[in-house]
Amino acid sequence: MSKRKLRNFDPLLFQGIAHRGLHDEEAPENSMAAFKKAVQANVAFELDVHLTLDGKLLVCHDSDMERVTGKNGIIENLTLHDIRTSYKLRDGSDLPTLEEVMAMCQERVPMVIELKPFKGKTWKVGSAVAKALKGVKDKKRYTIISFDPRSLLGFGRRRFTRGLLLGKEHFGLKKFAKCFDYLDVEDCLVNHSDTIRLAKSRYINTWTINTEEKLQNVLPFVDMITFERLPVSKIQEDIARK
């Protein structure tokens with residue numbers, strides 16, 4: 001892969017990616033309301049996907065739903081029916097499924113799908129997401145990311161772009177960079193010598209930019225920015241001035 005492969009990416013990905021949707025006090029993270037706001041703003045958005053006990057793809061960052069619903073419960077140990085009858089986001093809405101978000105979005109903006117394997121079962125969630133994406137019209141409107149490189153392998157054959165997530169605790173996985181289309185690095189690693197070296201041949205996204213200071217620190221070094229709690233207009237204006 002090289003940076004000449006720009007044609008494989010949707011151009012909107014380079015104009016800011018809303019982390020877990022455009023969430024705020026009214027629209028919780030990873031909620032349908034947050035995703036609708038991103039679509040209305042014509043901005044790409046990121047979401048997290050888990051596999052329920054009965055094989056459904058649920059959108060939520062954590063396996064344990066307590067932080068976002070106020071009630072303990074591990075997604076992978078519950079069926080979608082269990083979750084729908086007993087858990088609600090803080091705005092009273094259901095935790096959406098991936099298919100529901102896709103149906104709402106209708107490929108109007110790109111979606112960044114983070115795979116969330118559970119207890120080392122790396123292939124299950126990836127296989128389910130691949131099945132959900134089987135009928136998409138524009139593959140550039142979807143890109144797949146994960147901290148687990150094994151989860152990403154099958155998507156290359158399906159011609160979806162793939163980003164390897166790298167955080168402080170996972171930076172050793174940089175050795176797998178050559179296998180994927182881009183790196184998705186924590187903002188504190190943007191200035192790392194290895195990141196700068198890899199950026200010569202790979203696109204770099206960074207997360208999660210939530211202050212003006214962080215934005216200005218990363219802008220000179222990255223190609224894409226996953227942000228939250230900052231105005232879309234501010235992100236796009238600063239990117240345009242790079």
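The values are calculated or read from the model by the stated rules, or taken from the named source; none is laboratory data. All values reported here derive from a predicted model rather than from experimental measurement. Note: ideal-geometry Cβ built from the backbone for every residue, glycine included; neighbour counts use all protein chains shown.
Scanning region 16-28 for residues that are touching a residue at least 60 places away in the same chain (Cβ under 8 Å), closer than 15 Å to Thr226 by Cβ and assigned to a loop (DSSP other than H, G, I, E, B) turns up Gly16, His19, Arg20, Leu22, His23. Identify, by number, the condition in (1) within 22 Å of Ser151 (Cα to Cα); (2) among the aromatic types (Phe, Trp, Tyr); (3) in contact with a Ser or Thr (Cβ under 8 Å, 6 or more places away or on another chain) that Phe45 doesn't meet. Among (1) within 22 Å of Ser151 (Cα to Cα); (2) among the aromatic types (Phe, Trp, Tyr); (3) in contact with a Ser or Thr (Cβ under 8 Å, 6 or more places away or on another chain), the lone unmet condition for Phe45 is (3).
Would you confirm, using the coordinates I've provided, whether Asn217 is within 15 Å of Val112 (Cα to Cα), touching a residue at least 12 places away in the same chain (Cβ under 8 Å) and either in a strand (DSSP E or B) or not β-branched (Val, Ile, Thr) (or both)?
Working: within 15 Å of Val112 (Cα to Cα): no; touching a residue at least 12 places away in the same chain (Cβ under 8 Å): yes; either in a strand (DSSP E or B) or not β-branched (Val, Ile, Thr) (or both): yes.
So Asn217 does not fit the description; no.
Taking the criterion of being surrounded by fewer than 24 Cβ atoms within 10 Å (Cβ to Cβ) and in contact (Cβ under 8 Å) with a residue 40 or more places away in the chain, the residues of region 1-15 that qualify are Met1, Ser2, Lys3, Lys5, Asn8, Phe9, Asp10, Leu12, Phe14, Gln15. For region 6-15, the condition of being in a loop (DSSP other than H, G, I, E, B), within 25 Å of Glu237 (Cα to Cα) and at pLDDT 95 or above holds for at least one residue. Sort out for me the helices (runs of 4 or more DSSP H) sitting completely within region 56-120 that have 2 or more residues that are crowded, with 18+ Cβ neighbours inside 10 Å, of a type in the set (Val, Ile, Thr) and in contact with a Leu (Cβ under 9 Å, 6 or more places away or on another chain). Qualifying helices (runs of 4 or more DSSP H): 66-69. Give the residue that is farthest from the chain's Cα centre (by Cα), with candidates limited to residues of region 29-54 that are assigned to a loop (DSSP other than H, G, I, E, B), among the hydrophobic types (A, V, I, L, M, F, W, C) and under 18 Å from Ile225 (Cα atoms). Only one residue tops the list, namely Ala41. Pairs are defined by a Cβ separation below 9 Å, a sequence spacing of at least 6 or placement on different chains, a first member in region 190-203 that is surrounded by 12 or more Cβ atoms within 10 Å (Cβ to Cβ), and a second member that is of a type outside the set (A, V, I, L, M, F, W, C) and modelled with pLDDT under 90; the pairs so defined are Ala199/Lys3; Ser201/Ser2; Ser201/Lys3; Arg202/Ser2; Arg202/Lys3; Tyr203/Lys3; Tyr203/Lys5.
In region 170-221, the qualifying residues are those that are within 23 Å of Lys140 (Cα to Cα) and aromatic (Phe, Trp, Tyr), and the one that is nearest to the chain's Cα centre (by Cα) is Trp207. When Phe155 is tested against (1) farther than 27 Å from Leu22 by Cβ; (2) of a type in the set (Phe, Trp, Tyr); (3) touching a residue at least 24 places away in the same chain (Cβ under 8 Å), exactly one condition is not met: (1).
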